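**Student:** Here you go, one structure.
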Amino acid sequence: MHKIAKAPPKAQNKRVIIAKVVVVALYLVGAIGLSLPEYRDYFLMLTPAQLLITLLLVLGFHRGWSDAFPIFAAAAFWIGFGAELIGIHTGYIFGDYVYGATLGPMLWQVPIVIGINWFLLVYLTGAVFYKLTDNDFFAALLGAGAMTVVDYIMEPVAVELDFWYWNSDTIPSSNYLTWFMVAFLIHLIYRKGNFEKGNPLAALILTAMILFFTVLNFTLGV
């Protein structure tokens, strides 16, 4: 495997600091913009861009560019996207729901960025927990559990901001169980992948996402 030359330590540290400032600004400005009714529609249009910028930041600081990494990335995208696809068209897996227009271009009625979101959440939670245990099964449980917590925080905000809608008045509890199961499967693939799993931005981005949706739960009154 061809090795990519690394920047000197000082340059690397400077890049990481700049990237962390970008992450904080991206999610702080997003939370403020979506909290203000007069600016909300504008910031909603930028939601897919926010996810894509996050993806670029994650990949830009990913260290494990082995042959196994794109296989994991593709698996995370298509398993997550496929689960959503089945859910949308059958009402099974997560429940009976439909996507709104906020998340941008769709493929078979599922926003393309949803697959990216699955990849990001598995990657970020996996990178945060990968050093805690050598047991792949336990690590996958931790990662899937963390993703379920994120989903629980995200769901009310997503409905309020036209990400998706549930056809019942309440979010079904089965959604969280099946979300956990799909996340657990992808986390096992992540753990089995033979690539370096550290990323200097992972913990900050995951924290920023959680705080982003937590703040919006309060400012949107959901």
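**Student:** Kindly state, to the nearest 0.05, the FRET efficiency for Y92 paired with L52, given R0 = 41 Å and r defined as their beta-carbon distance.
**Tutor:** Efficiency computed from Cβ-Cβ geometry: 0.90.
**Student:** So how much slack lies between S35 and N13, counting 0.36 nm per residue of separation and subtracting their Cα-Cα distance, in nm?
**Tutor:** Gain on stretching S35 to N13: 4.6 nm.
**Student:** Ok, one more. According to the square roots a ≥ b ≥ c of the eigenvalues of the Cα gyration tensor, what is the shape class of the range 20-125, taking rounded for a/c under 1.5, prolate for a/b larger than b/c otherwise, and oblate for the remainder?
**Tutor:** Note, shape of the range 20-125 comes out oblate.
**Student:** With the dipole of the chain worked out from charges on the C-beta (+1 for Lys and Arg, -1 for Asp and Glu) around the Cα centre, which of L44, N167, L185 lies farthest toward the positive end?
**Tutor:** Toward the positive end, the furthest listed residue is L185.
**Student:** A further question on this structure: For the range 56-175, what are the per-bin percents of Cα-Cα distances with bins 10 Å wide, up to the bin holding the maximum?
**Tutor:** It works out to 12, 40, 34, 13, 1, in whole percents.
**Student:** Moving on to the next point. 222 nm [θ] for the chain, helices only, -39500 (n - 2.57) per DSSP H run of 4+, per residue, to 500?
**Tutor:** Using -39500 (n - 2.57) per qualifying helix, the result is -23500 deg cm²/dmol.
**Student:** For L177 paired with V24, estimate the spin-label separation in nm (one decimal), with each label point 7 Å from Cα along the Cα-to-Cβ line.
**Tutor:** 4.2 nm
**Student:** Enter the Cα centre distance for the pair the range 19-33 and the range 55-71, rounded to the nearest angstrom.
**Tutor:** Going from one Cα centre to the other spans 22 Å.
**Student:** Same structure again: So, for the chain, what is the accessible surface per residue at a probe of 1.4 Å, expressed in square angstrom?
**Tutor:** On a per-residue basis, 51 Å².
**Student:** Separate question: If you find the alpha carbon centre of the range 143-162 and of the range 190-222, how far apart are they in angstrom?
**Tutor:** 11 Å
**Student:** Take every Cα pair under 8 Å in the chain that's 6+ residues apart, average their separations, divide by the length, and report that relative contact order as a whole percent.
**Tutor:** 31 percent
**Student:** Leaving ligands, DNA and RNA out of it, report the carbon-plus-sulfur percent of the accessible area of the chain at a 1.4 Å probe.
**Tutor:** Result for the chain: 69 percent of the exposed heavy-atom area is carbon or sulfur.
**Student:** Suppose every Lys and Arg Cβ carries +1 and every Asp and Glu Cβ carries -1, with no other charges. What dipole size does the chain come out with about its Cα centre, to the nearest 20 debye?
**Tutor:** 1280 debye
**Student:** Out of A75, Y99, V24, whose Cα points farthest toward the positive end of the dipole of the chain (charges: +1 Lys, Arg; -1 Asp, Glu; placed on Cβ)?
**Tutor:** Ranked along the dipole, the leading option is V24.
The values are calculated or read from the model by the stated rules, or taken from the named source; none is laboratory data. Predicted model, so just to flag it, every value in this text is computed and none were measured. All Cβ positions, even for glycine, are placed from backbone atoms using ideal geometry, and neighbour counts span all protein chains on display. For accessibility, only protein heavy atoms count, side chains too; no ligands or nucleic acids. Shrake-Rupley method; radii C 1.70, N 1.55, O 1.52, S 1.80 Å.
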